[in-house]
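Before any comments, here is the structure.
The values are calculated or read from the model by the stated rules, or taken from the named source; none is laboratory data. This structure is a prediction, so every number in the text was calculated from the model and none was measured. Please note: Cβ atoms are built from the backbone with ideal geometry, for glycine as well, and neighbour counts cover all protein chains shown. In case anyone asks, the SASA skips ligands and DNA or RNA and just uses the protein heavy atoms, side chains included. Shrake-Rupley method; radii C 1.70, N 1.55, O 1.52, S 1.80 Å.
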Amino acid sequence: MASGSTDPLLPRAGAARRRPATGGWRSALFIIWVEVAERFAYYGVSSNLISYLTGPFGETTAAAAAAVNAWSGAASMLPLLGAAVADSWLGRYRTIVASSVLYITGLGLLALSSTFSSPQSQQCSSSGDGRQVCRSSSVQRAFFYVSLYLVAIAQSGHKPCVQAFGADQFDATDPGESSSRSTFFNWWYLGLCASATVTAAVMSYVQDNVGWGLGFGVPGMVMLLGLLVFLLGTRTYRFYDGGGSGAFSGVGEAVREWRKSRRRGEGGGGGGATVEAEHGELAEEVRGMARLFPIWATCLLYGVLFAQPPTLFTKQAATLDRRIGPSSSFQVPPAALQSFLGVSIIPCVLLYEHVLVPAARRATGVATGITMLQRIGAGIAMCAVTLLVAALVEMRRLSAARDADPGAAVPMSLWWMVPQYVLFGAADVFAMVGMQEFFYDQVPGALKSLGLALYLSVLGVGSFISSFLISAIDVVTRRDGGTSWFDDDLNRGHLDYFYLLLAALTVLDLLAYRTTKLGDDSRKAWPWAEHGVTTFKQIPRNVI
């Protein structure tokens, strides 16, 4: 680990040696801040996006939910591309800077596109029930979606780089810094939860009550401040020699070494045996990665469930009585309920670490209390319970809606929905954190970033599946003059049926997930565990 920098944007290493030592908490705090700013910017858009699409933009509920899911899916899948760019070309530091600039540009264009939302720029027509329906013009739609997907592309550079760059500031081979690195991840996660919680509460109010121009502009200003703070810390950062060290550099290095060994083999001599050995080692790692597919596939439904709070949950909340009290005129923004996800995650993490793990450790004898796969499975099971609660609450809402005046708020308090958000936050502590740990742990050292990218792809593919399900169910339930489950008037729709369907699919998914478990220990989920294998490189040939 070099204390100086080899990044082309920074002074040469000789100059770095004359400065105080780099890295450590001084550097990490700058990096944590830029991630907090990025999460504020992302959730400032995503948490209330469905309200914008079904409001000023004029989309139907089903189309808006599908569009949000598709965008979220792209934002979760594009980090694979961002990692490739960072590791093979720009490096982490410059990728973060370039992504931040693109983020600010995208958010600025989003704020500008929202100013087009006027009756003159919209195309209005009468619906079958006599209502006036206004949709945005084709020009506005194109401008908006280009701006929106610029934000998704910008996130692709942040996701694979910022957390890894922050961890780079601590030397894992130094006992003191290794301990600090573990603490860094705790503070990192706390910062993300706090940022998401504040953003959902504050920005949803600004967007619903002040204006969408400011609602999209404030995240852009926060992102600009984050970039400035990140740049201020430049001379304190620690850079690895030799460029990127992420997932794609590890894959690229393996392929390059294999090609070199082939050339050596073609030259004759004893190279043939070397070629065969190195090619066999690479093949083992690739086959080992393929073994992760059953777990990855059975986690996809969790990605579908993860897509519901910022979409259908928010639309559901918008129909309720959102006053703080019977005599209060202040109304809670529907998207603000997402703050309960972060509010529940923080105490659940503490309970998990200080209550559940010690108790489970005494019962199972496992150092971590429960294994990684058991943790993921528990989270998926909690999601099934959450969806049942959501379905029951929606049934209660539909029952109350029968007595409501058309167009008026349903005579049912917003707080009825809090339990499903709290349960979802608790499920995240098990499923999401468990997936991060599992996919990071089960890949070779050179491919750790790829392991985290696999976890992100669960959320991305899950969002795409959610978009497909909503669109398909909307078409089927509208057939022959029927009423869509996602009707624009949710009091005529049936979100409860959709939640029950997802709950049933989750139970089936949990059964499929358990068939991949071959033992109590997480590593015993794979056939090679009986040989005492701890890394893919140690996998015996006769096991593969």
ask   = Which of the residues spanning segment 403-426 are in contact (Cβ under 8 Å) with a residue 60 or more places away in the chain and touching a Pro at 6+ places or on another chain (Cβ under 7 Å)?
value = A404, Y421, F424
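How many residues are over 25 Å from A196 (Cα atoms) and surrounded by 14 or more Cβ atoms within 10 Å (Cβ to Cβ) if we restrict to segment 343-370?
Just the residues of segment 343-370 that are over 25 Å from A196 (Cα atoms), to begin with: 355-370.
Those still in the list that are surrounded by 14 or more Cβ atoms within 10 Å (Cβ to Cβ) too: 356-357, 360-361, 364, 366, 368-370.
Of the residues in that region, 9 qualify.
Matching residues to (1) modelled with pLDDT under 85; (2) assigned to a helix (DSSP H, G or I); (3) in contact with a helix residue (DSSP H, G or I) (Cβ under 9 Å, 6 or more places away or on another chain); (4) not assigned by the TED database to the domain that holds V458:
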| position | (1), (2), (3), (4) |
| --- | --- |
| D480 | yes, yes, no, no |
| D487 | no, no, yes, no |
| Y497 | no, yes, yes, no |
| L500 | no, yes, yes, no |
| L510 | no, yes, yes, no |
| Y513 | no, yes, yes, no |
| T516 | yes, no, yes, no |
| A529 | yes, yes, yes, yes |
| T534 | yes, no, yes, yes |
key: Of the criteria (1) of a type in the set (V, I, T); (2) surrounded by fewer than 18 Cβ atoms within 10 Å (Cβ to Cβ); (3) assigned to a helix (DSSP H, G or I), which one I295 fails   = (2)
ask   = When the residues of segment 20-74 are filtered to those that are within 26 Å of L312 (Cα to Cα) and among the charged types (D, E, K, R), which remaining residue is surrounded by the fewest Cβ atoms within 10 Å (Cβ to Cβ)?
value = E59
inquiry  = Between F498, F464, which is buried (at least 19 other Cβ atoms within 10 Å of the Cβ), in contact (Cβ under 8 Å) with a residue 24 or more places away in the chain and within 30 Å of D405 (Cβ to Cβ)?
reply    = F498
remark   = Output for Cβ contacts, cut-off 7 Å, separation at least six or different chains, first residue outside the structural domain of A154 (by the TED database) in segment 86-106, second aromatic (F, W, Y), reads none
query = Which ones in segment 306-337 are farther than 19 Å from G55 by Cα and either within 18 Å of the chain's Cα centre (by Cα) or of a type in the set (D, E) (or both)?
reply = F306, A307
note = In segment 359-379, anything under 14 Å from I295 (Cβ atoms) and in a helix (DSSP H, G or I) is listed as M372, L373, Q374, R375, I376, G377, G379
ask   = Which residue pairs have Cβ atoms closer than 7 Å, lie 6 or more positions apart in sequence or on different chains, and pair a first residue in segment 347-370 that is more than 16 Å from A427 (Cα to Cα) with a second residue that is open to solvent by 80 Å² or more (accessible area, probe 1.4 Å) and assigned to a helix (DSSP H, G or I)?
value = A367/R361; G369/R361
